[in-house]
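Working notes, structure below.
The values are calculated or read from the model by the stated rules, or taken from the named source; none is laboratory data. These figures come from a predicted structure and were not determined experimentally. All Cβ positions, even for glycine, are placed from backbone atoms using ideal geometry, and neighbour counts span all protein chains on display.
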Amino acid sequence: MIKLYNGGAYLLNGTELIEDTNEAKAIIAAKTGAEVSKEEAAKETIAYGILEAHNTASDMNRLKIKFDKLTSHDITFVGIIQTARASGLEKFPIPYVLTNCHNSLCAVGGTINEDDHMFGLTCAKKYGGVYVPPHQAVIHQFAREMLAGGGKMILGSDSHTRYGALGTMAMGEGGPELVKQLLNKTYDIKMPGVVAIYLDGEPGLGVGPQDVALAIIGATFANGYVNNKVMEFVGPGVEKLSADFRIGIDVMTTETTCLSSIWKTDDTIKEFYDIHGRSEDYKELAPGAVAYYDGVVYVDLSKIKPMIAMPFHPSNVYTIDDVNANLKDVLHDVEQRALVSLDGAVEYSLQDKIRNGKLYVEQGIIAGCAGGGFENICAAADIIRGKNIGADAFTFSVYPASTPVYMELVRNGAVADLMAAGTIVKTAFCGPCFGAGDTPANNAFSIRHSTRNFPNREGSKLQSGQISSVALMDARSIAATAANKGYLTSAADVMDIEYKAPKYHFDSSIYANRVFDSKGVADPDVEIQFGPNIKDWPAMSALPENLVLKVVSEIHDPVTTTDELIPSGETSSYRSNPLGLAEFALSRKDPAYVGRAKEVQKAQKAIEAHTCPLEALDELKPVMAAIRGAYPNVGEGNIGVGSTIFAVKPGDGSAREQAASCQKVLGGWANIANEYATKRYRSNLINWGMLPFITEENHDALSFKNGDYIFVPDVRKAVEEKQDVVKAFVVGEGLKAIELKLGDLTDNEREIILKGCLINYYRG
């Protein structure tokens, strides 16, 4: 089904793979009549060409990228624009689209959701942007329909910013990276590796894009095969897939932890642009005659079966057939994983989901940027037509990804077929993906064609004893399960289906009538409309000469997601209020974190206010005594005090900057990790002035623990002098030396850390 190459490979004429062995160059020369070096062939990937066209530096090893367009939604754009305003923003220099698909319910926290929307509308007018009203489209569907273009690059403040199937290299990052673009700065990265995703064969009946995506995620996530690399989709199987099918695979590449994605394009993608009235934005993309890739994921589409990602990660994949055949064993495995994921916070069992030897689920959802596409919903309607979901606990909801998609589903009768079966068809909204809509009952099991199934993203609150489970599946098998009244069913097992595959017609008037588009013209006379919950960022200090860190949380899970660092769901309503949101930091993973961090922050506030020396603070007396025994000159005027957390591998999942900024506004100065799960999270730490420390100590045998103080002398000098290894000490009766590493930092990143955060950096 899927094979990972042990090393790199050459691709000849877009079809033939030749593994990178000692004989490879001779084979290529014999086939092409020319000798090609690996370095030359690496420049023949689609990804290299796009990156080169957008790189403003002379060096292709250290890229300085300027994007063509930006996009954000309503739980990210307020913080981004507030940061940019504080840093000197006068006008959006490139098209910036503000969609409203996350806080669309306007049902939590009084007026604050709609206040954010009005902030966005007035900012689009003032600075020259585009504003998409609530329920019109989810962020990524609007980008596909109206923003993507062949050979272009788009940066979005959402981790699933992926438009590679349309020939657009797109990246999802934390808000500060968009701020840099708004201030005419660059996105700075090392040249990423490029991995070929070689598609062969053709999917079988009942197999959808989520099935292919989950199979790829299962093969690549845990081993980091594509981590921070670009996935480039090539091979003869690409042309066998519709545009919607490609898009459905592409959006899920985020869950592999890759940096971005790009696909070869053809007449199928040209037709997509034609349908959307943007024929001029199509560009044919293909690798050169001889292209070199750093790795290859070979996918035989014909052997992919309907898949399911069981709780609590998209990589926890099985075939639906395997789950049904080994139900008790699979559920037991999930329960064992829950011991780690849930920390024993609630009792967790799935055994009651077995009814008459089958898995019964209480909810099915098709939604958002992954599931809400036209073809997915049409296929679901075909499967459930003439049947019904029954009158038991099972419920079924469908969220088309945009109003144009919704309208076409109404016109072709798919909505009527779904609703006749008992389905609730709702508006374009991302809520089910992050825990703000269709929250299941306690202990319920939900199957979803959405992007993630981390704990809490379905709305659970462990601190209140509430837990439910989400498994990811394709829309087709969800509809088959719905037609079977909640009993897990593979769409491949439903043979009496007539798939109508209707043609899509895009109605451009829907957006023309409702979307505000400044056409890039700013109106500085517009007054920004602020709501009471929209707050400025608090002042942040520059990095001190010496630093005392208190470890205030210690997380030993194999991977820590951004959802665990700052929960999604109801907290989204507070993302316009930095201090208000910070109250939720680590609340579902370590509820005592906020209180401990605030206690440490009191010392830093005392330093900044010059109210008392550190020796006057009871807890710090022995700490300062031990430090001054070896460093007598360390004290008032050259020291800072803050908190840090340890996590084995933090930052998987969402691009949300608040996973870092909440720690910062609570006095955080650093993270310590064995490694960082994504570039996004590490960049967020840096942009908020936090030190991204690495320790090579085994997480089970750390030389420090929760509650310990760590002294980092001359930390400012270490950053200035580009030291990789930073000396530090665990403070006890004396000082116990440890090593921390900073890893690779650009000059700009070092300066941001020295200044204390990106806002300070741009203020000068």
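This table checks each residue for (1) more than 25 Å from Gly459 (Cβ to Cβ); (2) part of a loop (DSSP other than H, G, I, E, B); (3) in contact with a His (Cβ under 7 Å, 6 or more places away or on another chain).
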{"site": "Val108", "(1), (2), (3)": "no, yes, no"}
{"site": "Pro134", "(1), (2), (3)": "no, yes, yes"}
{"site": "Gln141", "(1), (2), (3)": "no, no, no"}
{"site": "Arg144", "(1), (2), (3)": "yes, no, no"}
{"site": "Met171", "(1), (2), (3)": "yes, no, no"}
{"site": "Leu178", "(1), (2), (3)": "yes, no, no"}
{"site": "Gly206", "(1), (2), (3)": "yes, yes, no"}
Hey, can you tell me all the residues within segment 208-264 that are in a helix (DSSP H, G or I) and of a type in the set (S, T, N, Q)? Gln210, Thr220, Thr253, Thr254, Thr256
Breaking point among (1) within 24 Å of Leu745 (Cβ to Cβ); (2) surrounded by fewer than 22 Cβ atoms within 10 Å (Cβ to Cβ), for Val194: (2)
Filter segment 490-537 for residues that are over 31 Å from the mean Cα position of the chain (by Cα), surrounded by 13 or more Cβ atoms within 10 Å (Cβ to Cβ) and within 20 Å of Ile275 (Cβ to Cβ); which is modelled with the highest pLDDT? Pro502
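Quick one: count up the residues across segment 396-443 that are hydrophobic (A, V, I, L, M, F, W, C), surrounded by 20 or more Cβ atoms within 10 Å (Cβ to Cβ) and either assigned by TED's automatic domain parsing to the domain that holds Arg144 or not in a helix (DSSP H, G or I) (or both). Before you say what the answer is, go through the steps one by one.
Applying the first criterion (hydrophobic (A, V, I, L, M, F, W, C)) to segment 396-443 yields 396, 398, 401, 405, 407, 409-410, 414-416, 418-421, 424-425, 428-430, 433-434, 436, 441.
Then drop every residue that is not surrounded by 20 or more Cβ atoms within 10 Å (Cβ to Cβ), which leaves 396, 398, 401, 405, 409, 414-415, 418, 421, 425, 428-430, 433-434, 436.
Next, from what is left, pick out any that are either assigned by TED's automatic domain parsing to the domain that holds Arg144 or not in a helix (DSSP H, G or I) (or both): 396, 398, 401, 421, 425, 428-430, 436.
Of the residues in segment 396-443, 9 are hydrophobic (A, V, I, L, M, F, W, C), surrounded by 20 or more Cβ atoms within 10 Å (Cβ to Cβ) and either assigned by TED's automatic domain parsing to the domain that holds Arg144 or not in a helix (DSSP H, G or I) (or both).
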When you scan segment 538-657 for helices (runs of 4 or more DSSP H) that lie fully inside it, which ones turn up with 3 or more residues that are farther than 26 Å from Glu733 by Cα and under 29 Å from the mean Cα position of the chain (by Cα)? 562-565, 578-582
Note on segment 272-292: residues outside any loop (DSSP other than H, G, I, E, B) and in contact with a helix residue (DSSP H, G or I) (Cβ under 7 Å, 6 or more places away or on another chain) are Phe272, Tyr273, Ser279, Asp281, Val290, Ala291, Tyr292
Which pairs do you get when a residue that is in contact (Cβ under 8 Å) with a residue 24 or more places away in the chain, found in segment 65-82, comes within reach of a residue that is of a type in the set (Lys, Arg), reach meaning Cβ atoms under 8 angstrom, with the pair 6+ apart or on two chains? Asp68/Lys152; Lys69/Lys152; Ile75/Arg575; Ile75/Arg656; Thr76/Arg575; Thr76/Arg656; Val78/Arg575; Gly79/Arg575
Starting from segment 622-633, keep only residues that are more than 15 Å from Tyr709 (Cα to Cα), then list their pairs with residues that are assigned to a loop (DSSP other than H, G, I, E, B) and modelled with pLDDT of 90 or more whose Cβ atoms are within a distance under 9 Å, requiring at least 6 positions of separation or different chains. Ala630/Pro713; Tyr631/Pro713
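Looking at segment 461-494, which of its residues are in contact (Cβ under 8 Å) with a residue 60 or more places away in the chain, among the hydroxyl-bearing types (Ser, Thr, Tyr) and not in a helix (DSSP H, G or I)? Talk me through it step by step, then tell me what you get.
Our first condition is that a residue be in contact (Cβ under 8 Å) with a residue 60 or more places away in the chain; within segment 461-494, this holds for 461-463, 465-467, 469-483, 485-494.
Filter once more, so that each one left must be among the hydroxyl-bearing types (Ser, Thr, Tyr): 469, 477, 481, 487, 489-490.
Hits for segment 461-494 are Ser469, Tyr487, Thr489, Ser490.
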Residues of segment 586-602 classified as touching a Gly at 6+ places or on another chain (Cβ under 9 Å) and surrounded by 24 or more Cβ atoms within 10 Å (Cβ to Cβ), total: 2
Within the bounds of segment 710-717, is there any residue that is exposed (fewer than 15 other Cβ atoms within 10 Å of the Cβ), under 23 Å from Asn638 (Cβ atoms), touching an Asp or Glu at 6+ places or on another chain (Cβ under 8 Å) and modelled with pLDDT of 95 or more? yes
Checking Asp724 against (1) within 12 Å of Leu742 (Cβ to Cβ); (2) crowded, with 23+ Cβ neighbours inside 10 Å; (3) not β-branched (Val, Ile, Thr), which test does it fail? (2)
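Look through Gly120, Gly88, Gly79 and report the one residue that is of a type in the set (Gly, Ala, Ser) and surrounded by fewer than 24 Cβ atoms within 10 Å (Cβ to Cβ). Spell out the reasoning first.
Details: Gly120 fails: surrounded by fewer than 24 Cβ atoms within 10 Å (Cβ to Cβ); Gly79 fails: surrounded by fewer than 24 Cβ atoms within 10 Å (Cβ to Cβ).
Among Gly120, Gly88, Gly79, only Gly88 is of a type in the set (Gly, Ala, Ser) and surrounded by fewer than 24 Cβ atoms within 10 Å (Cβ to Cβ).
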Just to be sure I understand, how many residues within segment 146-190 are surrounded by fewer than 22 Cβ atoms within 10 Å (Cβ to Cβ) and among the polar types (S, T, N, Q)? 2
Yes or no: Ser468 among the hydroxyl-bearing types (Ser, Thr, Tyr), surrounded by fewer than 24 Cβ atoms within 10 Å (Cβ to Cβ) and closer than 19 Å to Glu564 by Cβ? yes
